[in-house]
Amino acid sequence: MNLKFLFLEPFFGGSHRDFAEGLIANSRHEIHLLTLPARFWKWRMRGASLYFLKKISVKDYDGLITTDLMSLSDFKALCKPTPPPALTYFHESQLTYPLAPGEHMDFQFGFTDITTGLAADRVLFNSHTHFNSFFSTLPGFLKMMPEYRPGWVTDEIRSKSSVLCPGCRFPAEKEALLPPDSRPPLIIWNHRWEFDKNPGDFFAALDAVLDRGTDFRLALLGENFQVVPKPFIHARERYGSRIIQYGYLESGEDYVNMLKQGSIVISTAKQENFGISVVEAIRRGCLPLLPNRLAYPEVIPEKFHSDFLYENQDELVEKLCFLTQNYSEFQEKREELSDAMGCFAWENMIDLYDEELEKLVAESYTD
């Protein structure tokens with residue numbers, strides 16, 4: 001069965017871009033992509049559906065694919081002719097996303113998540129962690145309404161929701177890892193340069209390691225969509241020649257080569273529903289240091305939790321010191337972790353996605 005889908009992505013950057021491009025490149029179905037740049041996410045949620053309405057015709061498609069940063073309910077209500085069945089992929093949720101310093105919650109974004117979930121024929125979450133946090137938070141969110149609370153929506157959305165981890169854009173076959181060399185270990189930051197990834201705690205841990213006399217090199221990767229955050233400006237001054245890369249690498253090949261040189265990838269995130277950047281780094285040979293929360297305990301096999309997950313900032317510092325000083329002793333676990341991440345390669349995930357898309361269309365004919 002070869003079907004034709006329209007993928008509407010209002011925030012084409014980071015994990016959203018990785019997911020869309022990976023799905024399209026690997027699916028056996030024909031998927032056409034329409035996007036908007038990855039900026040002004042609040043306005044994307046408010047208005048992207050209105051932009052897309054005038055840019056496409058849905059009549060030639062068997063199904064729609066959308067993500068959570070678009071109001072699917074607005075799109076379906078205004079679209080003529082009636083659109084085909086829609087699958088929405090939730091990378092994040094405004095019900096559970098942490099607020100930036102000084103920011104107050106705009107309840108309308110949470111309700112957009114809700115109406116999008118109701119309007120979708122099928123909803124996929126990128127981890128069990130995300131699924132569970134969404135549905136545990138949703139009833140309390142609805143109870144904030146002063147009266148006439150639509151408590152039924154929790155079960156309605158849950159009834160058509162499930163979990164499917166994103167595919168990752170690396171080969172399914174075993175990776176050949178670079179052997180360690182005599183230089184100080186290379187620490188990788190390959191997350192967005194934004195508050196929810198908590199760079200302050202990351203740099204504080206590096207400072208503590210330096211204060212103990214332990215040396216390292218540093219690659220500050222990841223996308224920065226607006227003004228460079230102050231912690232990164234200060235880091236450039238603080239770490240000087242230890243920094244071998246400062247800023248996003250446009251070339252995918254250069255990015256992969258940098259990860260292959262890496263020794264340790266660290267996350268101090270306040271919000272992470274899957275962690276594609278961490279999985280990519282581990283696959284290329286980086287040892288992880290990750291908080292024992294969010295989606296990380298789900299993504300990292302349990303046998304490695306005691307070595308590579310930390311409970312608090314003090315434990316992060318202790319484990320980082322130990323890894324940087326004893327990096328060469330972890331090569332077997334480095335290989336095992338890399339192999340474990342292979343399950344997330346698109347080649348290993350794509351059949352599950354294609355089956356979801358086929359089911360989406362098939363069920364629309366039986367309704």
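General observations
- Gap separating the Cα centres of the stretch 55-119 and the stretch 243-312, nearest whole Å: 29 Å
- Acute angle (nearest 10 degrees) that the helix 199-211 long axis makes with the longest principal axis of the chain, alpha-carbon atoms: 10 degrees
- Straight-distance crosslink candidates among aspartates and glutamates, where the alpha carbon sits under 16 Å from K55 and sequence neighbours closer than 8 are dropped: E9, D74
- Fraction of alpha-carbon pairs over 11 Å apart in the stretch 62-101 - percent: 70 percent
- With Cα atoms, 0 to 90° folded angle of helix 313-325 axis to the chain main axis: 60 degrees
- Applying 1/(1 + (r/R0)^6) with R0 = 45 Å to the Cβ-Cβ distance of T82 and N292 gives a FRET efficiency near 0.45.
- GNM top mover of E329, E280, E318 - the chain, alpha-carbon springs below 10 Å: E329
- Percent of Cα pairs exceeding the 23 Å cut-off, where the set is the stretch 76-190: 49 percent
- Going from the fewest other Cβ atoms within 10 Å to the most, the residues H191, H32, H104 appear in the order H104, H32, H191.
- Highest mobility in the GNM of the chain, judged by mean-square fluctuation with C-alpha springs under 10 Å and restricted to P83, P146, P199, is found for P146.
- The stretch 1-133: relative contact order in percent, alpha carbon pairs under 8 Å with at least 6 residues between: 24 percent
- Using alpha-carbon coordinates, inclination of helix 107-119 to the longest axis of the chain, degrees: 60 degrees
- Couplings 3J(HN,Hα) of the stretch 221-236, computed from phi: 9, x, 7, 10, 8, 9, 6, 5, x, 4, x, 7, 5, 5, 5, 4 Hz, in residue order, whole Hz [Karplus 6.51 cos²θ - 1.76 cosθ + 1.60, θ = phi - 60°; x for Gly and Pro].
- Rel. contact order, % - alpha carbon contacts under 8 angstrom, at least six apart, the stretch 186-344: 26 percent
- Divide the volume of the convex hull around the Cα atoms of the stretch 313-367 by the residue count and you get 113 Å³ per residue.
- Burial ordering of I188, I300, fewest other beta-carbon atoms within 10 Å first: I300, I188
- Extension gain for the segment L53 to D207, taken as residue separation times 0.36 nm less the Cα-Cα distance, is 50.4 nm to one decimal.
- Rounded Å value of the spacing that divides the Cα centres of the stretch 157-172 and the stretch 174-192: 27 Å
- Which of T324, T268 has the fewest Cβ neighbours within 10 Å, and the rest in rising order: T324, T268
- Extension reserve of the L177-E318 stretch, reckoned as 0.36 nm per residue once the Cα distance is removed: 48.2 nm
- Solution diffusion estimate, µm²/s, Stokes-Einstein, the stretch 102-253, Kirkwood Rh from C-alpha pairs, 37 °C, viscosity 0.692 mPa s: 166 µm²/s
- Label-point gap, in nm, between R17 and W43 - each point 7 angstrom along Cα→Cβ: 1.9 nm
- Non-local Lys pairs in the stretch 186-344, i.e. 8 or more apart or on different chains, that have alpha carbons under 17 Å apart: 6
- Residue-averaged 222 nm ellipticity for the chain, from DSSP H runs of 4+ at -39500 (n - 2.57), nearest 500: -13500 deg cm²/dmol
- Diffusion of the stretch 186-344 by Stokes-Einstein, at 4 °C in a medium of 1.567 mPa s and with Rh set to the Kirkwood radius over alpha-carbon pairs, works out to 83 µm²/s.
- Placing pseudo-labels 7 Å out from each Cα toward the beta carbon at R149 and A362 gives an inter-label distance of 3.9 nm.
- Sparsely packed GluC sites (Glu not before Pro) within the stretch 232-264, loop by DSSP, other Cβ within 10 Å at most 10: E250
- Gaussian network model of the chain, springs between alpha carbon atoms under 10 Å - residue of H130, H29, H234 with greatest fluctuation: H234
- Computed over the chain: relative contact order in percent, which uses C-alpha pairs under 8 Å that are six or more apart: 18 percent
- Estimated D of the chain in µm² per second, where Rh is the Kirkwood radius over Cα pairs and Stokes-Einstein applies at 4 °C, 1.567 mPa s: 60 µm²/s
Read the figures in this text as sums done on the coordinates, not as results from a lab. Just so it is clear, the model here is predicted, and its values are computed rather than measured. Backbone-built Cβ (ideal geometry, glycine too); neighbour counts: all protein chains shown.
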